[in-house]
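Colleague: Below is one structure. I have some questions about it.
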Amino acid sequence: MKLDDFRDRKGKEKIVMLTAYDSQIAKIVDQAEIDIILIGDSLGMVFQGNTNTRGVTMRDMVYHTQAVARGANRTPIVADMPFKSDSTVPAALRNARRLLEAGAQGVKIEGRKTEVIKALIGEGIPVMAHIGLLPQTAAAYRLIGKTPEDAERIMQDAIRLDALGVFSMVLESIPEGLAKAITETVRTPTIGIGAGKHCDGQVLVINDMLGLDPAFTPKYLKRYADLSQIISNSVGAFKLEVRGGEYPGPEQTYR
Ligand code: KIV
């Protein structure tokens, strides 16, 4: 399905989105036939080891988008506009085009950047919005939208972005009731992370759902694998076999 047609998914089969940052993972995810691969600027944390996403550059995003695009040839790819890459309309247009040239079919923009989003959509660039918790500017990672004022502000953001014609919107770390109300109000499909089950779809960071960091345990996260343990066991077995002279054995030896 093309990103331009995504608004038609509203109220139909749930949308499944996962992040990917490299070609091999992208290939596996692509073959699993999900709906969207997101090259999230979460790569700043899970790939680069930083404590937030603010250090991610356009150069990083282009590099990872190219890698993912080499691995995935059927799933639509959306790339995050990194911190400050969309602070003016000309910069946003230039940077979004770089991501499309690198292999993305659309871009994701954090927050209610009305003029920028309008300009990108006007130039035919599919835009995914992102509201609720905004990691690029948040002081801390926490639930947003608990007070009536905050909830109303997020609802107004959603209504405004809906009117601009974004093809979907991520709702991050907001109460289930608010996510449900937004999902029922806007025509744009909502994709939740930490926003409960009523959204039109769900997204997770692939490293988190595969259990690569045992210390990362937010309430919303479900681990579908324990890769940290599998990798640790495999490394330990390799170490023992090398030191014990068992690896390489006859089957792994050229004659
Ligand atoms: O950067 C990212 O991976 C994201 C998702 C968590 C939605 O923005």
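The values are calculated or read from the model by the stated rules, or taken from the named source; none is laboratory data. Nothing here was measured: the structure is a model prediction, and the numbers come from that model. Counting neighbours? That spans all protein chains shown, and the Cβs are built from the backbone with ideal geometry, glycine included. Each accessible area value is taken on the protein alone, full model and side chains, heavy atoms only, with ligands, DNA and RNA left out. Shrake-Rupley method; radii C 1.70, N 1.55, O 1.52, S 1.80 Å.
Colleague: Distance check, please: which entries in Lys12/Lys180; Lys10/Lys222; Lys108/Lys222; Lys12/Lys222; Lys10/Lys84; Lys2/Lys27 exceed 27 angstrom between their Cα atoms? Please list the in-between numbers first.
Modeller: Details: Lys12/Lys180 15 Å; Lys10/Lys222 24 Å; Lys108/Lys222 24 Å; Lys12/Lys222 23 Å; Lys10/Lys84 31 Å; Lys2/Lys27 19 Å.
Violating the 27 Å Cα-Cα cut-off are Lys10/Lys84.
Colleague: Any chance you could give the angle, 0 to 90 degrees and rounded to 10, that helix 176-185 forms with the longest Cα principal axis of the chain?
Modeller: Computed tilt is about 60 degrees.
Colleague: For the chain, give the percent of accessible area contributed by carbon and sulfur heavy atoms, probe 1.4 Å, rounded to a whole number.
Modeller: Numbers: 6980 of 13160 Å².
Percent of accessible area from carbon and sulfur atoms in the chain: 53.
Colleague: Please give, to one decimal in nm, the separation of the simple spin-label points placed at Ile159 and Glu115, each 7 Å out from Cα toward the Cβ.
Modeller: 2.3 nm
Colleague: For segment 201-214, take each phi angle, set θ = phi - 60°, evaluate the Karplus expression 6.51 cos²θ - 1.76 cosθ + 1.60, and give the result in whole Hz per residue in order, putting x for glycine and proline.
Modeller: Rounded to whole hertz, the list is x, 9, 10, 9, 6, 4, 4, 6, 6, 8, x, 7, 10, x.
Colleague: Could you order the peptides 201-212, 165-176 from most to least packed, using the average number of other C-beta atoms within 10 Å per residue?
Modeller: On the way: 201-212: 20.7, 165-176: 23.4.
Per-residue mean Cβ counts within 10 Å order the peptides as 165-176, 201-212.
Colleague: So what is the relative contact order of segment 3-224, in percent, for Cα pairs below 8 Å that sit 6 or more residues apart?
Modeller: Values: 455 pairs, mean separation 42.7, N = 222.
In percent, rounded to a whole number, it is 19.
Colleague: Using a 1.4 Å probe, how large is the accessible area of Thr88, given in Å² and rounded to the nearest 10?
Modeller: We get 70 Å² for Thr88.
Colleague: Apply the Debye scattering formula to the chain, with a single equal point scatterer on each alpha-carbon and no solvent, then give log10 I(q)/I(0) at q = 0.08, 0.10, 0.13 Å⁻¹.
Modeller: With no solvent term, the Cα-only Debye profile gives -0.33, -0.50, -0.80.
Colleague: Quote the convex hull volume per residue of segment 202-255, based on C-alpha atoms, as a whole number of Å³.
Modeller: Details: hull volume 5.3 nm³, N = 54.
It comes to 98 Å³ per residue, whole-number rounded.
Colleague: Then there's this: Run the quick spin-label model on Ser232 and Ser87: label points 7 Å from Cα toward the beta carbon, then report their separation in nm to one decimal.
Modeller: Taking the simple label geometry, Ser232 and Ser87 are separated by 4.1 nm.
Colleague: How large are Rg and Dmax for segment 46-195 when only the alpha carbon atoms are used, in Å?
Modeller: Spelled out, the Cα radius of gyration and Dmax of segment 46-195 are 15.1, 45 Å.
Colleague: What spacing in nm lies between the two simple spin-label points modelled at Arg187 and Glu149, each 7 Å away from Cα in the Cβ direction?
Modeller: If labels sit at Arg187 and Glu149, their model points lie 3.3 nm apart.
Colleague: Another question, then. Defining a contact as two alpha carbons under 8 Å apart and six or more residues distant in sequence, what relative contact order in percent does segment 141-229 show?
Modeller: Relative contact order, segment 141-229: 20 percent.
Colleague: While we're looking at this one, here's another question. How high is the FRET efficiency between Glu251 and Glu101 when r is their beta carbon distance and R₀ equals 45 Å, given to the nearest 0.05? Intermediate values should be presented prior to the final figure.
Modeller: Values: r = 45 Å, r/R0 = 1.00.
It comes out at approximately 0.50.
Colleague: Separate question: With every protein chain present, what is the per residue accessible area of the chain (1.4 Å probe, Å²)? Intermediate values should be presented prior to the final figure.
Modeller: Values: 13160 Å² over 255 residues.
I get 52 Å² per residue for this part.
Colleague: Under 17 Å from the 7 Å Cα→Cβ point of Asn50, by amide nitrogen: which residues of segment 7-28?
Modeller: Of the residues in segment 7-28, 21 have backbone N under 17 Å from the label point off Asn50.
Colleague: Angle check, please: helix 148-164 long axis (alpha carbons) against the longest principal axis of the chain (alpha carbons), in degrees 0 to 90, nearest 10.
Modeller: 90 degrees
Colleague: Let me know the shape class of segment 1-126, please: from the alpha-carbon gyration tensor, a ≥ b ≥ c as square roots of the eigenvalues, rounded when a/c is under 1.5, otherwise prolate if a/b is greater than b/c, or oblate.
Modeller: On the way: a/c = 1.65, a/b = 1.09, b/c = 1.51.
Since a/c reaches 1.5 but b/c is at least a/b, the shape of segment 1-126 is classed as oblate.
Colleague: Here's something else I'd like to know. How large is the helix-only mean residue ellipticity at 222 nm for the chain, computed as the sum of -39500 (n - 2.57) over DSSP H runs with n ≥ 4, divided by its residue count, in deg cm²/dmol to the nearest 500? Let's see the in-between values first.
Modeller: Details: 9 runs with 98 residues, N = 255.
Theoretical 222 nm ellipticity from helices: -11500 deg cm²/dmol.
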